[in-house]
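Here is the structure we will look at, set down as C-alpha cells.
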C-alpha cells in the first residue's frame, strides 16, 4: 500500500497519454470512472470499474482532474465563499415560514391562502453542508491493526464500545 502511494506521487509528474487525457476530459464532464474508462478503453462493466478506479488513483490522473476541476470552477465563478454564501442564503430562506399563494381570479392577482410552508429538509441539508465544511462533524474512523495494539488499547476500545452499546439500548 505504501509502495502504491509512493509510485502514485512519482507518477504525478508523468505526462498523460492521449487516452488518459480523454479519460480525464470525460471524467470532468461526469465524475464516473467506470463510464469514462469504458468510453475510452472499452471492456466489460466489472473490468472497467476496476481499471477506472485504479486509473483515477494514479498520481498524474489525480493532478489532471484537480486542475480541470479548478479551471471549471474558475470559469463558472465558483469559489468557496460563493458556495458557502448560497448555502447560508438557502438555510435562511428555508427557515422562514413561506406563505402559500394562489391566484385570485376576481382580483387577478396572487393572494395568500393563510397557510404557510416550511422547507425543513432544505434547511437541514444546508446546515449539514455548512457544518461539514467548517469541520463540525469530524468522522471518527480508527484504522489500526488489532495485532499491533497493546492490551490496554484493546481494552479501552472494548470499554468504549460497551458504553456506546448501552447508550443505544
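The values are calculated or read from the model by the stated rules, or taken from the named source; none is laboratory data. Remember, predicted model here, so these are calculated numbers, not experimental data. Neighbour counts run over all protein chains shown; Cβ positions are idealised from the backbone, glycine included.
From the list 154, 78, pick out the single residue that is surrounded by 10 or more Cβ atoms within 10 Å (Cβ to Cβ), out of contact with any strand residue (DSSP E or B) (no Cβ under 9 Å at 6 or more places or on another chain) and modelled with pLDDT of 80 or more. Can you show your working first?
Working: 78 fails: modelled with pLDDT of 80 or more.
After applying the criteria, what remains is 154.
Results for (1) more than 30 Å from residue 131 (Cα to Cα); (2) within 23 Å of the chain's Cα centre (by Cα); (3) in a loop (DSSP other than H, G, I, E, B); (4) not assigned by TED's automatic domain parsing to the domain that holds residue 126, shown as yes or no for each residue.
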{"site": "13", "(1), (2), (3), (4)": "yes, no, yes, yes"}
{"site": "19", "(1), (2), (3), (4)": "yes, no, no, yes"}
{"site": "24", "(1), (2), (3), (4)": "yes, yes, no, yes"}
{"site": "46", "(1), (2), (3), (4)": "yes, no, no, yes"}
{"site": "49", "(1), (2), (3), (4)": "yes, yes, no, yes"}
{"site": "67", "(1), (2), (3), (4)": "no, yes, no, yes"}
{"site": "87", "(1), (2), (3), (4)": "no, yes, no, no"}
{"site": "93", "(1), (2), (3), (4)": "no, no, no, no"}
{"site": "113", "(1), (2), (3), (4)": "yes, no, no, no"}
